[in-house]
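The values are calculated or read from the model by the stated rules, or taken from the named source; none is laboratory data. Since we're looking at a predicted model, the values are computed, not measured. Because the Cβ atoms are built from the backbone with ideal geometry, glycine has one as well, and the counts that use them run over all protein chains shown. Remember, those area values only see protein heavy atoms, side chains included, never the ligands or the DNA or RNA. Shrake-Rupley method; radii C 1.70, N 1.55, O 1.52, S 1.80 Å.
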Amino acid sequence: MVRILYIEDELDIGSWVTEDLTARGYEVIWRKSGENMENYLTDIDLAVLDVMLPGLDGFSLGKRIKKEVENLPILMLSARTAVEDKIEGLSFADDYLTKPFHPEELAARVEVLLRRFQKNNDILEIGHLKISTKSMLIINKNTEEEIQLTGKQYHLFQFFIRHLNQILTKEQLYEGVWGEQYIDGDKTLMVHIRYLREKIEINPAKPTIIETIRGIGYRVKV
């Protein structure tokens, strides 16, 4: 699972950003200052830093992080919109997003950074599939061809990959992928899983990648 270090001292913003990214399948480590930051740098995939923080500001923290872990992507968040602030942030950080921002834009920027800094060893093999867990490039090992997913197929499979070996209910899947509350009887999820199976399964009628857990939901198991 992708792990994000998020440093933000404003409780309201910190809460909803953490909840939104968590719902999208990321593991978020939310800290309210940069104190003891070095304890969290060994096993994270992305740092998201607010600029205005107690103690060391986000610019100072970001520069320190880049010295410690050069290939760790950093996304700065700030209410500062002046060009000189953006230039300073981008002198070391990999992206700079000004407040207020929409959660979809933040999520899109996070995905772009993770793809850009993809690690070569982040390869997952499930049955006949070889999957890059960062870029979500999917290769059929039997044919060596890329399996291309579109729209919600991509986000749905990505959510499964971020929750490997977990039994996911319809409610969890719908809320995690569509960002809305699941309504009992809605066939949208079932239809998209059928289309996804047609793309990734050898025999969609007898799926081995996306298991149906009767009466509960679905699971992708390694």
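Where a ≥ b ≥ c are the square roots of the eigenvalues of the C-alpha gyration tensor, would you call the range 119-185 rounded, which needs a/c under 1.5, or, failing that, prolate if a/b is larger than b/c, or oblate? Verdict is prolate for the range 119-185. Local charge sum around residue 10 (other residues, Cβ-Cβ under 12 Å, Lys/Arg +1, Asp/Glu -1)? After counting each charged neighbour, the total is -2.
Comparing Cα centroids, the range 162-222 and the range 56-104 end up 36 angstrom apart. Put simply, when 89-97, 29-37, 154-162 are sorted by average Cβ atoms within 10 angstrom per residue, most first, you get 154-162, 89-97, 29-37.
Given 10 °C and 1.306 mPa s, compute D for the range 1-100 with the Stokes-Einstein relation, Rh being the Kirkwood radius over Cα pairs; round to the nearest whole µm²/s. Before the final figure, lay out each step's value.
Working: Rh = 13.4 Å.
The estimated diffusion coefficient comes to 118 µm²/s.
With all protein chains in place and a 1.4 Å probe, the accessible surface of the chain carries 47 percent carbon and sulfur.
Quickly rank 140-151, 10-21 as a protection proxy: mean count of other C-beta atoms within 10 Å, highest first. If you can, show how the numbers build up before the last one.
Details: 140-151: 11.3, 10-21: 15.0.
The densest-packed peptide leads the list: 10-21, 140-151.
When the Cα atoms of the range 1-40 are aligned to their principal axes, the ranges along those axes come out at 27, 24, 5 Å in descending order. The Rg/Rh ratio of the chain, with both radii computed over alpha carbons and Rh defined as the Kirkwood radius, is 1.01.
Work out the length of the dipole vector of the range 5-88 about its Cα centre, built from +1 on the beta-carbon of each Lys and Arg and -1 on the beta-carbon of each Asp and Glu, and round it to the nearest 20 debye.
Details: 9 positive and 18 negative charges, 45 e Å.
Here the size comes out at about 220 debye.
Taking the Cα centre of the range 115-222 as origin and assigning +1 to Lys and Arg Cβ atoms and -1 to Asp and Glu Cβ atoms, the resulting dipole is close to 200 debye. With a/c under 1.5 counting as rounded, go ahead and sort the range 96-154 into rounded, prolate or oblate using the C-alpha gyration tensor (a ≥ b ≥ c being the square roots of the eigenvalues; past the cut-off, prolate if a/b is larger than b/c, else oblate). Prolate, since a/c reaches 1.5 and a/b exceeds b/c. Give, to the nearest whole percent, the P(r) tail of the range 46-153 beyond 23 angstrom, counting all Cα pairs. Tail of the P(r) past 23 Å holds 41 percent of the pairs. Enumerate the amide H contacts of residue 96 below 5 Å, restricted to partners 5 or more residues apart or on another chain; note that Pro and chain-start residues carry no placed amide H. Under 5 Å from the amide H of residue 96: 76. Heavy-atom accessible surface of the range 1-123, averaged per residue, reaches 51 Å², computed with a 1.4 Å probe.
Projected area of the range 163-204, taken from the Cα convex hull and averaged over every viewing direction, in nm²? Don't jump to the answer; show the numbers that get you there.
On the way: hull surface 13.7 nm².
Projected over every direction and averaged, the Cα hull of the range 163-204 covers 3.4 nm².
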